Structure formats: C-alpha cells, structure tokens
Amino acid sequence: MMTALCLIFGLLCLAYYAVIVLYSGMSTDFAWIWVAAGIVFLVFSLILWRCAVRRAAGTGGKLGPGLILAAVGCLALFSGWFGRQIISGMSSRTLPGLEYVIVLGAHVKGKVPSNSLVRRLETALDYAKANPDTILILSGGRGEGEDITEAECMSNYLIAHGIGKERLIEEANSTSTRENLQFSDTMTGCGQVPCGIVSNNFHICRALKTAWNLGYQEPHGISAPSNPVLQVHYIVREIFALARDEALQQIQEIKKHMSTIWEQMGKNGR
C-alpha cells in the first residue's frame, strides 16, 4: 500500500505541475517544488518496491520502509503545523471603520495588474466604498517586467473605479512584504493605530505575523480571494515562506538575547 500511495502522490505532483505550467506558464514562482516532490515520491515508491522484493526473497529490505515512513511523517507534521496557521488566516474577519488600510502590491505585467493584484484591488475597492473615511496605502515598488511601480498601477486602477486620489497614498519603494509594512508605517504611522492589510487569503497569516514583528499595534487582515486553480500551490509555497520567516525571526531573537548577555557580562566585568 505504501508503494502504491507514493506512486500515486508522485504522479499527482507531476500532473499538478503540468496544470500550473499550462495555466500560468513555466515562470510561475516556486512551481519547481512539484517536480521535486513528484520525483521524490516516485523514488520512494521504487525503494519500497525493491524492499518488498528483498523481503519476499528473505534478503532484508526492512529498514527502507521505516525510514521513508519517518520522512513522510516529518513532512506531514511540518506541513500541518504551518498549513493550519495559513488556512486559519484565510478566514479573517474584516473590521469596518479603519483609519488606514494597506494594499500589498503584487506583480504588474507592464502596466496591467496581474490576476492576484486585481483580486486585492477589488477587495480594497469594496472596503473603500463601504468605509469612505478610510485612507488606502498602496505599497509596492517596481520589479522585473514592470513598466511602472505596483503602487502607481494600484492607484490608476482605484481612481478609474471611482476612488478619489486624495484617499490614496503611494509607497513605491518596497520589494517585499516586510518592506511594504515597514515603509508604509514610516510614511504614515499606520502601525500605531488599528490598520487593515489587504492581501490574497493565503498570504494573510504571514502578513499579520510580519506586522506584529515590526511593532504594529493592531493589524487586521482583509482577505482577498485567490485563483482556485493555483490555490494549493500558493498554500504550499506559503508554508515554506512562513517557515523561513519564523526561522529568521528566531535567529534575530537569539542574537538579541546573546547581545544582552554579552553587554551584561561586560558591565559585570567592569
């Protein structure tokens, strides 16, 4: 059964990679993970098959299944721990009447917003119309393949859909979620008041964690939908991104702790 399951999972991973490529192209960020996962599971199935043959012949083959089961179990725990947090963030409730709402940038194709960015903008547009006193902070610089900044693209879209320019603040220097939030707070002080953060649903958890780590007093996620075909891919990609951010945050905490210890030792030495 384990051999069959690994074979099926491997083929499903490769098939999903084909769907991603056909739907959004080979340049889709992190799509290679599905090829890697497919190959790993197919290799697992081959190892398990050979172990079964060796056991039938009475020549060993008992260690392989245990090691593979342990590896798959660790992967399941890793994915479950971070995946639960991401899925929980996807259902965040929208708080009305916020003074500021940050709209996190996403890829712009020349001067046209990508599908992910359009979904964020539609959500921001709905919120802005329902809360006419809210100021929108449009956060995103200019990346590869973009003719204008993400902030300018978002501003053009919202103005074209009836939002007054006086309600829009463009933050056009950031290149990451952390910079989006850090630079937006520097410009406006939005981190010191209840503040909304608009992003696609799979990204809300990491955006809120980043905001808390940057010292935001009361951040609130405003969840925009994401592409249903790529939803699983986005969640898997976000699992690794969230794990990376958690690791970096822990490293920073350890560095601060060690620095405090060294300072204290220096004072005691004097």
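Across the stretch 165-175, computed HN-Hα scalar couplings (Karplus, 6.51 cos²θ - 1.76 cosθ + 1.60, θ = phi - 60°) run 4, 5, 9, 10, 10, 9, 10, 10, 10, 7, 10 Hz from first to last residue, x flagging Gly and Pro. For the chain, the relative contact order is 17 percent, taking Cα pairs closer than 8 Å that sit 6 or more residues apart in sequence and dividing their mean separation by the residue count.
For the stretch 23-36, backbone phi angles converted through the Karplus equation (6.51, -1.76, 1.60; θ = phi - 60°) give residue-by-residue couplings of 7, 10, x, 6, 7, 4, 4, 6, 5, 4, 4, 6, 5, 4 Hz, Gly and Pro being listed as x.
For A224, the residues whose amide H sits under 5 Å from its own are S199, N200, N201, ignoring neighbours fewer than 5 places away on the same chain, with H placed 1.01 Å from N. Packing order of peptides 25-32, 252-259, 211-218, highest average first: 211-218, 25-32, 252-259 (average count of other Cβ atoms within 10 Å over each peptide's residues).
Phi angles across the stretch 3-8 convert, under the Karplus curve 6.51 cos²θ - 1.76 cosθ + 1.60 with θ = phi - 60°, into 3J(HN,Hα) values of 4, 5, 5, 4, 4, 5 Hz, Gly and Pro given as x. Our helix-only sum for the chain, with -39,500 (n - 2.57) per DSSP H run of n ≥ 4 divided by its residues, gives a mean residue ellipticity at 222 nm of -21000 deg cm²/dmol. Close amide H contacts of E171 (hydrogens built in the peptide plane, cut-off under 5 Å, sequence separation of 5 or more or a different chain): L138, S139, G140.
If you add up the charges near D185, with Lys and Arg at +1 and Asp and Glu at -1, over every other residue whose beta carbon is less than 14 angstrom from its beta carbon, what do you get? Around D185, the surrounding residues sum to -3. Considering the chain, its Cα convex hull presents a mean projected area of 20.0 nm². A simple count of charges around G89, restricted to other residues whose Cβ falls under 12 Å of its Cβ and scoring Lys, Arg +1 and Asp, Glu -1, yields +3.
A crude spin-label estimate for the pair L214 and I261, with each label 7 Å from Cα along the Cβ direction, gives 3.1 nm. Between the residues C6, G164, S79, the greatest Cα displacement towards the positive end of the dipole of the chain, with unit charges on the Cβ of Lys, Arg, Asp and Glu, is found for C6. Residues whose amide H falls under 5 Å from that of V229, counting only those 5 or more places apart or on a different chain, are absent, with hydrogens built in the peptide plane.
Dipole magnitude for the stretch 100-227: about 280 debye, using +1 per Lys or Arg Cβ and -1 per Asp or Glu Cβ, origin at the Cα centre.
Ordering Y127, G140, I47 by the projection of their Cα atoms onto the charge dipole of the chain, which places +1 on the Cβ of Lys and Arg and -1 on the Cβ of Asp and Glu, puts I47 at the extreme positive end.
Values quoted throughout were computed directly from the atomic coordinates according to the rules given, and no laboratory measurement underlies them. Because the structure is a prediction, the values reported are computed rather than measured. Methodologically, a virtual Cβ is constructed for each residue, glycine included, from the backbone with ideal geometry; neighbour enumeration extends over all protein chains shown.
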